[in-house]
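Reading through the structure tokens given below for one structure.
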Amino acid sequence: MPVTGISGRENGYGSETVQNVQAWFEKHVTLDGKPYTLDHDQANAVLAMNSNTLVVARAGSGKTRVIVAKIAYLIARRGYSTEEILVFMFNRTAAAEVNQRIMNVEIDGERLLKKPTKIASTFHKFALDTVKSCGKRPEIISERQRESYLETALEEALRKLHYHPSSRERQELHKITSSFVNRASQKYPGTKGFQTLTQKITEYCNIHSSDQAYHQKVLWHKISLETYRNYYGNLKSPSLDFNILMTHAAELLISADKARATCSSEIVRHIQKVRFIMIDEYQDFSYLFFSLTQAIRQLTNHAKLFVVGDDWQAINRFAGSDVDYFSNFKQYFPENTRIIPLSTNYRSDRRIVERANQFMLREYDSAALPAKAFSKKHGKIHTISPEKIRFRADDLTEDSLGDGRYLALTGSIPAAKLLKLVARIIRHHRNFDIMLLHRHNYTSFEGINLLKFMSMLQKILVAEHIMNVDEFKAQVRSLTMHRSKGLEADVVILLELDQKIVRASHPHATIFELFDDTLAAETADQQRLLYVAMTRARHHLYLLSNDKKPPI
């Protein structure tokens, strides 16, 4: 039976060992009717009751399993109530998954939770609830509305600065300023933040104004700052974007802590009950998340903090995330700090894990924690050059596929060769779950994006009776490497894995030094992204590259 009441924290469990935790879970805890087993590292993380704990969870190491186990352990073994546990997941889907799993956990045949309870949420949902609890009724703008506000703000900035870009340059400026507004509002939030930002950009422009080599960058800084000013000037209450929402929520909690404002009394009472804060995908932490976390802890007499993530999978810097919070965890949270590794990869076969380790230790951090494979299977890594595939444009029968069909669909021999190669791979693995990944939404072939490539691939496979339409839609997916994070497949095919594509420097990569944008930072982003792509594969990893030595 679950332990209830505060006394559970003082009933001797503080002296139990990792082995005790493993044995208790295996004997007493089930999820969907199956024993909830934990390995040594997972149980060690569940047992940890430090003030600040960072769990370094490599790809496929079962971080969600640990989060659910930690919640169950705190409630059933340590006597915490659900109101005393605050769990932040990276998105609504992940939060829903954790909540569903917790509802399905049983202790000795009885439900851990007697009634439906949403323990896990997102930072954005928590911020929204906080602001609403203070009597405000914010209206979060949609992505389409945000784009409209940004377009208007940019046009106002261009008029003020008397700058008249071409249509193509205007599109480029929209991308630049959109990214700037998102990142600036996270790193320099609020009125004080805007003042600091303005000062930094003014200093930058003054230093480089006479340097012709910096002329374009200086102009972009001025346009971006003015767009930022216009965007938030035009965004009138109750309309908010998520960054303003997060900023307001943190400010309300800080003011509540100092003055116990009447409008915040309800949320203050709720937060003051919290004794344990858990955060998923900690490698994607940002200043806004940090500020809100600190504001919460001030109201809870510094509740214990338990964060889970993987610095090797930090791929959202462009969106405002800062891996520094992960890399320097002990500096941000120095009190009674502990770092626990989850290194066993339960997803990928041995050779795939080893290849991913070799790449990251060689290219990223030679002193980092490597993963280890749980699978006893070797797994296979196939490196194939599409340009070396035998191809005859006038041959309609070769390989029972007909090369002429590929050319008719793609319009170019290089694209036809890639399509033929991918079709051949899928034919070989037709009963497997297959994921196609590319660095971008578009390919290097004119007029062919991933969606069109998938359409052509489906036509070929259906025409040759390799798969029907339903099978194709059920078994074959195509995504960018960024969007593949958190997913997995039996077979992963990395398309156009050429240095000039996956290692190409973005033209805007080093515009804003105030966001620490450097070529070194971009290179690190690329390395982590390739690691994410590699570790989606369970059994087969295909590297399709025309380079003599592929980047991985």
Of residues in the range 410-439 being touching a helix residue (DSSP H, G or I) at 6+ places or on another chain (Cβ under 9 Å) and farther than 23 Å from ALA474 by Cα, the one surrounded by the fewest Cβ atoms within 10 Å (Cβ to Cβ): ILE413
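It is to be established whether one or more residues within the range 332-346 are farther than 25 Å from ASP41 by Cβ, surrounded by fewer than 18 Cβ atoms within 10 Å (Cβ to Cβ) and in contact with a strand residue (DSSP E or B) (Cβ under 9 Å, 6 or more places away or on another chain).
First pass over the range 332-346, keeping only residues farther than 25 Å from ASP41 by Cβ: none.
Among the residues of the range 332-346, not one is farther than 25 Å from ASP41 by Cβ, surrounded by fewer than 18 Cβ atoms within 10 Å (Cβ to Cβ) and in contact with a strand residue (DSSP E or B) (Cβ under 9 Å, 6 or more places away or on another chain), which makes the answer no.
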Top-ranked residue in the range 436-472 [being without any contact (Cβ under 8 Å) to a residue 12 or more places away in the chain and among the hydroxyl-bearing types (Ser, Thr, Tyr); ranked as nearest to LEU494 (Cα to Cα)]: TYR442
Any pair with Cβ under 6 angstrom, 6 or more apart, that starts in the range 278-295 at a residue that is of a type in the set (Asp, Glu) and ends at one that is open to solvent by 10 Å² or more (accessible area, probe 1.4 Å) and not in a helix (DSSP H, G or I): ASP280/PHE90; GLU281/PHE90; ASP284/ASN316; ASP284/SER321
Test: residue in the range 138-161 that is touching a residue at least 24 places away in the same chain (Cβ under 8 Å), touching a Pro at 6+ places or on another chain (Cβ under 9 Å) and in a loop (DSSP other than H, G, I, E, B): yes
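Within the range 369-398, which residues are open to solvent by less than 90 Å² (accessible area, probe 1.4 Å), in a loop (DSSP other than H, G, I, E, B) and at pLDDT 95 or above? Reasoning before the result, please.
Within the range 369-398, the first condition is being open to solvent by less than 90 Å² (accessible area, probe 1.4 Å), and the residues that meet it are 369-371, 373, 375, 379, 381-386, 389, 391, 393, 395, 398.
This time we only want the ones that are in a loop (DSSP other than H, G, I, E, B), so: 369-371, 375, 379, 385, 389, 391, 393, 395.
Passing the criteria: PRO370, ALA371, SER375, GLY379, SER385.
ARG503 - would you say it is at pLDDT below 95, open to solvent by 30 Å² or more (accessible area, probe 1.4 Å) and closer than 28 Å to GLU522 by Cβ? Give the steps one after another, and end with the answer.
Values: at pLDDT below 95: yes; open to solvent by 30 Å² or more (accessible area, probe 1.4 Å): yes; closer than 28 Å to GLU522 by Cβ: yes.
It is true that ARG503 is at pLDDT below 95, open to solvent by 30 Å² or more (accessible area, probe 1.4 Å) and closer than 28 Å to GLU522 by Cβ.
Here are some residues: ARG362, ARG405. Which one is assigned to a helix (DSSP H, G or I) and under 30 Å from LEU54 (Cα atoms)?
Working: ARG405 fails: under 30 Å from LEU54 (Cα atoms).
Just a single option satisfies the conditions, and that option is ARG362.
Given ARG536, ARG503, which one is of a type in the set (D, E, K, R) and under 17 Å from ASP310 (Cα atoms)?
Numbers: ARG503 fails: under 17 Å from ASP310 (Cα atoms).
Every option except ARG536 fails the conditions.
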Some residue of the range 536-547 being open to solvent by 30 Å² or more (accessible area, probe 1.4 Å), out of contact with any strand residue (DSSP E or B) (no Cβ under 8 Å at 6 or more places or on another chain) and touching a residue at least 40 places away in the same chain (Cβ under 8 Å): yes
Filtered residue count, the range 1-34, keeping only those that are in contact with a strand residue (DSSP E or B) (Cβ under 7 Å, 6 or more places away or on another chain) and modelled with pLDDT of 95 or more: 5
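Tell me whether the range 123-131 contains one or more residues that are crowded, with 21+ Cβ neighbours inside 10 Å, within 20 Å of LEU47 (Cβ to Cβ) and either modelled with pLDDT of 95 or more or under 22 Å from the mean Cα position of the chain (by Cα) (or both). Steps first, answer last, please.
Narrowing the range 123-131 to residues crowded, with 21+ Cβ neighbours inside 10 Å: 123, 127-128, 130-131.
Filter once more, keeping what is within 20 Å of LEU47 (Cβ to Cβ): none.
There is no residue in the range 123-131 that is crowded, with 21+ Cβ neighbours inside 10 Å, within 20 Å of LEU47 (Cβ to Cβ) and either modelled with pLDDT of 95 or more or under 22 Å from the mean Cα position of the chain (by Cα) (or both).
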All positions within the range 196-245 that are open to solvent by 20 Å² or more (accessible area, probe 1.4 Å), touching a residue at least 24 places away in the same chain (Cβ under 8 Å) and β-branched (Val, Ile, Thr): THR198, ILE244
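The values are calculated or read from the model by the stated rules, or taken from the named source; none is laboratory data. It should be emphasised that the depicted structure is a prediction, and the values quoted were computed from it without experimental measurement. Note: ideal-geometry Cβ built from the backbone for every residue, glycine included; neighbour counts use all protein chains shown. SASA here: full protein model, heavy atoms, side chains in, ligands and nucleic acids out. Shrake-Rupley method; radii C 1.70, N 1.55, O 1.52, S 1.80 Å.
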